[in-house]
Amino acid sequence: MGRIAFRAWRRGFREADLVLGPFVDRVGPSLTEAELDSLEALLAQDDDHQLYAWIIGTEPTPATHETSVMAKIRTFMADHVAAAVAEGAG
């Protein structure tokens, strides 16, 4: 998980870091090998703005990345953002 966590936290685009880093820290250990492969493929994307757009749904996600991991990231983000707002962020 170390390499995946490093790549998730250091995307170069803060919004993506704040979703993917905590996702990997909290959900990553429970992912299956196939899901970890999907996550690694997703993290291999060079365009962080596009990756974030896929996560938040402002751009269509390519079929190759429309996986159970993407669904889990979106759910995590919705829950994570709601919790941050409840704590007074934003």
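No value in this document is a laboratory result; all are computed from the given coordinates. Everything numeric in this text was worked out from a predicted model, so none of it was measured. We place every Cβ from the backbone using ideal geometry, glycine too, and count neighbours over all the protein chains shown.
Annotations
- A simple spin-label model places pseudo-atoms 7 Å from Cα toward Cβ; at Ala34 and Ala78 they are separated by 2.3 nm.
- Dipole in debye (nearest 20) - the chain, about Cα centre, beta carbon charges: Lys, Arg +1; Asp, Glu -1: 200 debye
- Relative intensity of the chain on a log10 scale, I(q)/I(0) at q = 0.12 Å⁻¹, equals -0.32, per a Debye sum over C-alpha point scatterers of equal strength in the absence of solvent.
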